[in-house]
Amino acid sequence: QVQLVEPGGGSAQPGGSPRPFCAVPGITFSTYATGWRRQAPEKQRGLVAAITRASNTNYADSVKGRFTIPRDNTKNTVYLQMRSLKPEDTAVYYCNANFMTLGYWGQGTQVTVSS
């Protein structure tokens, strides 16, 4: 069974630059598209950032220019580099990995932005 490992989240200040990551052991990670989605209270889960196996990226308009999604295939890991955090970035962040009909989700990590 594939399990995506997202270490615990935490609090960050507005303007901060945390870098959560998601490790995906047990798969040929380089063949997977991967990404991050988030869900704020009383809102639907939505795209934050995605990266294909060819390293093409896609970002939600709300994070363009602030977040990036690097991946390290040698470590089976995808990162979410956050910058210029805003209170509205507060949410549970989920990573996912997809290859054809195979899809896996992390358990989610809470990121709370407050001063």
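The values are calculated or read from the model by the stated rules, or taken from the named source; none is laboratory data. If you're wondering where the values come from, they're calculated on a predicted model, not measured in any experiment. Counting neighbours? That spans all protein chains shown, and the Cβs are built from the backbone with ideal geometry, glycine included. Each accessible area value is taken on the protein alone, full model and side chains, heavy atoms only, with ligands, DNA and RNA left out. Shrake-Rupley method; radii C 1.70, N 1.55, O 1.52, S 1.80 Å.
Figures for the structure shown
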{"read-out": "Residues of the stretch 4-35 with amide N under 16 Å of the 7 Å Cα→Cβ point at Thr112", "value": "8-14"}
{"read-out": "Nearest-10 value in Å² for the accessible area of Glu88, using the 1.4 Å probe", "value": "120 Å²"}
{"read-out": "Accessible heavy-atom area order of Asp72, Asp61, Asp89, highest first, probe of 1.4 Å", "value": "Asp61, Asp72, Asp89"}
{"read-out": "Å² of accessible area per residue within the chain, as computed with a 1.4 Å probe and no ligands counted", "value": "55 Å²"}
{"read-out": "Semi-axis lengths (Å, descending) of the ellipsoid that matches the C-alpha gyration tensor of the stretch 31-72", "value": "20, 12, 7"}
{"read-out": "For the stretch 105-110, Karplus couplings with θ = phi - 60° (6.51, -1.76, 1.60), whole Hz, Gly/Pro x", "value": "10, x, 7, x, 9, 7"}
{"read-out": "Once exposed loop trypsin sites (Lys or Arg not before Pro) are cut out (DSSP; at most 15 other Cβ, 10 Å), longest piece of the chain", "value": "1-42"}
{"read-out": "Using θ = phi - 60° and Karplus 6.51 cos²θ - 1.76 cosθ + 1.60, couplings along the stretch 14-27 (whole Hz; Gly, Pro as x)", "value": "x, x, x, 9, x, 9, x, 9, 9, 9, 10, x, x, 10"}
{"read-out": "Span from the the stretch 67-115 Cα centroid across to the the stretch 15-38 one, whole angstrom", "value": "6 Å"}
{"read-out": "Solvent-accessible area, 1.4 Å probe, carbon plus sulfur percent, for the stretch 14-108", "value": "50 percent"}
{"read-out": "Rel. contact order, % - alpha carbon contacts under 8 angstrom, at least six apart, the chain", "value": "37 percent"}
{"read-out": "Fraction of the pair-distance distribution of the chain above 24 Å, Cα-Cα pairs, percent", "value": "19 percent"}
{"read-out": "For Ala12, distant residues with modelled amide H under 5 Å away", "value": "Thr112, Val113, Ser114"}
